[in-house]
Amino acid sequence: MTLRLRAEVSLAEAEDGGGVLLDERSGEYWQLNPSGLTTLKLRLAGADEATIAETLLAGAQDGTGDVAQAVADIRELVAQLADAGLVVGG
Amino acid sequence: YSKPTLLKLGSFE
């Protein structure tokens, strides 16, 4: 099942490369840092965790981070998005 | 490497 934003949730990209999520149902709004936005967009497009992890690590450009840690971080972010009621599926 | 993060900014009426 593909991850998707709830119908009442809007996503806007910020100038710093991050994103803002607005939940019109609860009135809450949230901020994603640039790697968070990359993770969400790729996840919404159906990319798997390994692909997203490689993308995040490639963006680091200095060899910092490792795939296992990146995958764990991706899972943590998706869980936070689900707990906040911003996404369904996945 | 930058860990992906989600931060609640607030809420509105």
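So here's what we get for this one:
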read-out: Looking only at the stretch A:11-40, and only at residues there that are open to solvent by 70 Å² or more (accessible area, probe 1.4 Å) and free of Cβ contacts under 8 Å to residues at least 12 places away in the same chain, the one that is farthest from A:D83 (Cα to Cα); value: A:E15
read-out: Output for the stretch A:1-50, where each listed residue is in contact with a Lys or Arg (Cβ under 9 Å, 6 or more places away or on another chain), within 13 Å of chain B (Cβ to nearest Cβ) and of a type in the set (V, I, T); value: A:V9
read-out: Per-region count, the stretch A:41-54, residues under 10 Å from A:V71 (Cα atoms) and in contact (Cβ under 8 Å) with a residue 24 or more places away in the chain; value: 1
read-out: Number of positions in the stretch A:73-90 that are closer than 20 Å to A:A7 by Cβ, modelled with pLDDT of 95 or more and not small (G, A, S); value: 4
read-out: Identity of the residue in the stretch A:80-90, within 10 Å of chain B (Cβ to nearest Cβ) and assigned to a helix (DSSP H, G or I), that ends up least open to solvent (accessible area, probe 1.4 Å); value: A:L81
read-out: Cβ-Cβ under 6 Å pairs, at least 6 apart or on other chains, the stretch A:56-77 side within 7 Å of chain B (Cβ to nearest Cβ), far side modelled with pLDDT of 90 or more and open to solvent by 40 Å² or more (accessible area, probe 1.4 Å); value: A:A60/B:Y1; A:T64/B:Y1; A:G65/B:Y1; A:D73/B:K3; A:I74/A:E49
read-out: Enumeration of residues in the stretch A:48-59 that are aliphatic (A, V, I, L, M) and open to solvent by 20 Å² or more (accessible area, probe 1.4 Å); value: A:A50, A:L57, A:A58
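The values are calculated or read from the model by the stated rules, or taken from the named source; none is laboratory data. Because the structure is a prediction, the values reported are computed rather than measured. All Cβ positions, even for glycine, are placed from backbone atoms using ideal geometry, and neighbour counts span all protein chains on display. The area values use the complete protein model at the heavy-atom level, side chains included, leaving out ligands, DNA and RNA. Shrake-Rupley method; radii C 1.70, N 1.55, O 1.52, S 1.80 Å.
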